Amino acid sequence: MFHVQYQPLRLITQTSLSGMCLKLILSRPVAFAQIWKSWFSSHSLVGNKNIILMGPPGAGKTTVGRIVGQKLDCPVIDIDNDVLETTWNMSVSEKLQDVGNEQFLEEEGKALLKFSASGSVISLTGSNPMHSAGMQHMKKNGIVVYLDVSTAVIMKRLKSMKVDRIVGHCPGSSLKDILQLRKQFYKRWYDIRVLCGEDIAAEVVAEKVLDAVKRYQNSELETFISTRSSMSGRTTEKNSHKYFADVVTEGLAPDGGLFVPERGLPKFTAGEWKALIEATYIERAQVILERCIHPDDVPASKLAEIIGTAYGENFTCSKIAPVRHLSGNQFLLELFHGPTASFKDFALQMVPHIFAYCIPRSCNYLILVATSGDTGSAVLDGFSRLHDTDKQRIAVMNFFPEDGVSPIQKSQMIGCQAENAWSVGVKSDFDFCQTAIKQIFTNSDYTGFLTVEYGTALAAANSINWARLLPQIVYHASAYLDLVHQDIIPFGSAVDVCIPTGNFGNILAALYAKMMGIPIRKCICASNENNVLTDFIRTGVYDLRGRKLIPTFSPAVDILKSSNLERYLHLIANEDGQLVTQLYNQLENQGHFQLRKDLLEKLQQDLVAGWCSEEDCLAAIHSVYSTTGYILDTHTAVAKVVADRLQDRTCPIIISSTAHYSKFAPAILRALRITEIKQNPLSQLHLLSSYSPLPPVHWGLLETLRKKGNEDHQVCAADMSMLMSRIETLIQNHFM
């Protein structure tokens, strides 16, 4: 039996530790000065707030609570021993046996409602969170810390403790079922999650609790900087610091750089990653994103709601991002099960809801997007799913190269238009569209005019927006954990990843997953014939002089200026914003730059690169289909060709399958040597479907083309003034 640090407590009826008045009946006298000492020592961390430990039975709440209380030198209260048993004058097990499950929960809740404390560490019972009114009362003056221990570990612990019954356990239900049921209640109430592995010591958990509470109390530590900000500027211009909510709404930094977290990404221990092996994709996403987004910006409960909305019913596969064995040591990470059939859905089913939560209510927002193919339909679909009230204040304008995307991609972008989402075809290439948007964002006269004249601010949803990258980190981490879960590898064994790469966002997310503790050995950058990145990774020279964009069968990577490369260069240059500024000024003015030798060596420790011709791309699609019955899309085929050439076969390689082959039907039909290729995109999909392919033709794409395939869209010349005029007209029509 454990109580306050100095002596056992006996609490009866109304227990209060509020303010400086401690209404306690103590079983032994204690010096009043000692209580004051306890109160003041903890006050600097939590003030009058309580640290409330919550979790399943066997999570270690009582033991961890005692250690945390000792470290803070503050009162410790165990609800089971110090509140329930003293109130009922009988043990908890006796009470449960006496009144049964339902009445027990009610009696337990009533006891919580009569209890109050401040500046204390409180260990809840495993069933307290099941009483809504009681938990609402506790949260009013507490930070709820969820000790998240997997059900499998809890089952082992309860067995060793010879516990075979808990509250809610009745004939016909297993202990495991009850533990799983309780998770929904725990997830409803917590402010902070502490992930606990199987063999973690209570002392370590206590330190993690204190670290988590400190983070919760200090949002100012999680600021963002521009990739082009100088070290001196960061210390002298404190107002230049931005928080997550700021960078989501602003997109591009004022100096033209990209936002990155000033203190880097969080690191997970091996034990924390192992704790996620049995978790679902949604559970993994929740845990990882909670550590990347401060609860002051998006609280855990809201984040859970957003993740559930994004990945709940919008994805056709229950595993969200399944890993499929292809052949030998090659595995496919299928990223096309979202509503628009590409990897962009992972971010863009989430980001609109995050954006709507973060932006101020006093202003309208127009999202500008440039796409080389897949981003456009994903952005349009994602923002069209917002609540009606959010649609009235948030609109999207999508610019794409009119003749630089596949026919089905174009039909899809036109078909995904909605009351707050429009597509504009530009008579140029993707690089022009992307550069134009960057120039618009950095044109303070124009953006200021829109704000003053129309009350409308501009924002970005391209991968230049930091929030776009975070969901991509999740699926790279999840793919590795799936291989461990499938007993392909033990945790800690390395894998390589091969990713078709254009704008460098997807492969950057894999590099971030590696930094966070996922054992990725090499990231293989796969280019098509627009192979500027391959040349750069091999030589350290980024050279656009004399290069012209080549339209290919894999249009999503038909890119010469890779925006997110800037974030990676900032990372390996030890956050030297002046160097990054120098490199990108040189690229803008002279069309090239060269990395220093030491930076190139750093880069080549993480990255290798290769490229694939159009002929080899089609041949790979045909070969894989002939041997396995599986159809690769053109981008995945590019990655497959490069993986075959560069992997050393000493470890598994995960190839990112970034889009569904349905989006590129003409190229797929050509690769499969089907001579009759009709012009109508819907007819092409029906023809593919007749071959009973694996995986099947994407249902969402079929539905979009069936319902909206004939809608019209705007077309604009490659002229900045005309683009700006279109933006102003849209704002007038939608917001005014």
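The values are calculated or read from the model by the stated rules, or taken from the named source; none is laboratory data. Being a predicted model, the structure only gives us computed values, none of them experimental. When we count neighbours, we look across all protein chains shown, and the Cβ atoms used for this are built from the backbone with ideal geometry, even at glycine. Side chains are part of the model used for accessible areas, which takes the heavy atoms of the whole protein and leaves out ligands, DNA and RNA. Shrake-Rupley method; radii C 1.70, N 1.55, O 1.52, S 1.80 Å.
When the scattering of segment 79-169 is computed by the Debye formula from its Cα atoms alone, each counted once and equally, what is log10 I(q)/I(0) at q = 0.12, 0.24 Å⁻¹?
For segment 79-169, the Cα-only Debye profile gives -0.40, -1.35.
Once you place label points 7 Å from the Cα toward the Cβ at ASP388 and GLU453, how far apart are they in nm?
About 3.2 nm, to one decimal.
Kindly flag which residue pairs out of LYS110/LYS183; LYS391/LYS522; LYS242/LYS514; LYS156/LYS187 have an alpha-carbon separation exceeding 31 Å in this structure. Could you put the intermediate results ahead of the total?
On the way: LYS110/LYS183 22 Å; LYS391/LYS522 42 Å; LYS242/LYS514 25 Å; LYS156/LYS187 22 Å.
Where the Cα-Cα span goes over 31 Å, the pairs concerned are LYS391/LYS522.
Can you give me the solvent accessible area of ILE414 with a 1.4 Å probe, rounded to the nearest 10 Å²?
20 Å²
Within the set of other residues whose C-beta is less than 13 Å from the C-beta of VAL715, count the net charge using Lys and Arg as +1 and Asp and Glu as -1. Please report the intermediate quantities before stating the final value.
Values: positive: LYS410, LYS427, ARG726; negative: GLU402, ASP403, ASP712, ASP719.
My count for the surroundings of VAL715 gives -1.
Determine how many Å³ per residue the convex hull of the Cα atoms of segment 279-387 encloses. Please list the in-between numbers first.
Numbers: hull volume 13.8 nm³, N = 109.
Spread over its residues, the Cα hull of segment 279-387 gives 127 Å³ apiece.
What is the helix-to-structure angle for 61-72, meaning the angle in degrees between its Cα long axis and the longest Cα principal axis of the chain, kept from 0 to 90 and rounded to the nearest 10?
90 degrees
Say each of ARG706 and ASN101 gets a label point 7 Å from the Cα, pointing the same way as Cα to Cβ; how far apart are those two points in nm?
Once both label points are built, they end up 4.3 nm from each other.
Roughly how many whole Å is it from the C-alpha centroid of segment 311-333 to that of segment 405-464?
Here the answer is 31 Å between Cα centres.
Below 8 Å between Cα atoms, with a sequence gap of 6+, how large is the relative contact order for the chain in percent?
Details: 1376 pairs, mean separation 88.0, N = 736.
Once divided by the residue count of the chain, the mean separation gives 12 percent.
Can you figure out the FRET efficiency of GLN594 with ASP296, using R₀ = 45 Å and their beta-carbon distance, to the nearest 0.05?
Values: r = 42 Å, r/R0 = 0.93.
Efficiency, rounded to the nearest 0.05: 0.60.
So for the chain, what percent of the C-alpha to C-alpha distances run longer than 46 Å?
Values: 73629 of 270480 pairs.
Counting every Cα pair in the chain, those more than 46 Å apart make up 27 percent.
Report the calculated FRET efficiency for LYS176 and LYS110 (r = Cβ-Cβ distance, R0 = 35 Å), to the nearest 0.05. Don't skip to the end; give the middle numbers.
Numbers: r = 29 Å, r/R0 = 0.83.
The calculated FRET efficiency here is 0.75.
Would you be so kind as to identify which of VAL205, VAL642, THR501 lies farthest towards the positive end of the dipole of the chain, taking Lys and Arg as +1 and Asp and Glu as -1 on Cβ and the Cα centre as origin?
Ranked along the dipole, the leading option is VAL205.
What is the helix-to-structure angle for 614-628, meaning the angle in degrees between its Cα long axis and the longest Cα principal axis of the chain, kept from 0 to 90 and rounded to the nearest 10?
Taking Cα atoms only, the helix is inclined about 60 degrees.
At 1.4 Å probe size, what's the solvent-accessible area of GLU419? Round to the nearest 10 Å².
120 Å²
Over the chain, average the accessible area per residue using a 1.4 Å probe and give it in Å², no decimals.
Details: 28430 Å² over 736 residues.
Dividing the accessible area of the chain by its residue count gives 39 Å².
Which value at 222 nm does the chain reach when only helices count, each DSSP H run of 4 or more adding -39,500 (n - 2.57), with the total divided by all residues and rounded to the nearest 500 deg cm²/dmol?
Numbers: 33 runs with 344 residues, N = 736.
Only helices count here, giving -14000 deg cm²/dmol.
State log₁₀ I(q)/I(0) for segment 50-218 at q = 0.12, 0.14 Å⁻¹ as given by the Debye formula over alpha-carbon point scatterers of equal weight, solvent excluded.
Debye intensities relative to I(0), on a log10 scale: -0.50, -0.69.
Report, to the nearest whole %, how much of the accessible area of the chain belongs to carbon and sulfur atoms, 1.4 Å probe, protein only. Display every interim value, and only then the final one.
Working: 14350 of 28430 Å².
Summing carbon and sulfur atoms, their accessible area is 50 percent of the total for the chain.
Charges at C-beta only: +1 for Lys and Arg, -1 for Asp and Glu. How large is the resulting dipole of the chain about its Cα centre, in Debye rounded to 20? Let's see the in-between values first.
Details: 71 positive and 74 negative charges, 269 e Å.
That gives the chain a dipole magnitude of about 1300 debye.
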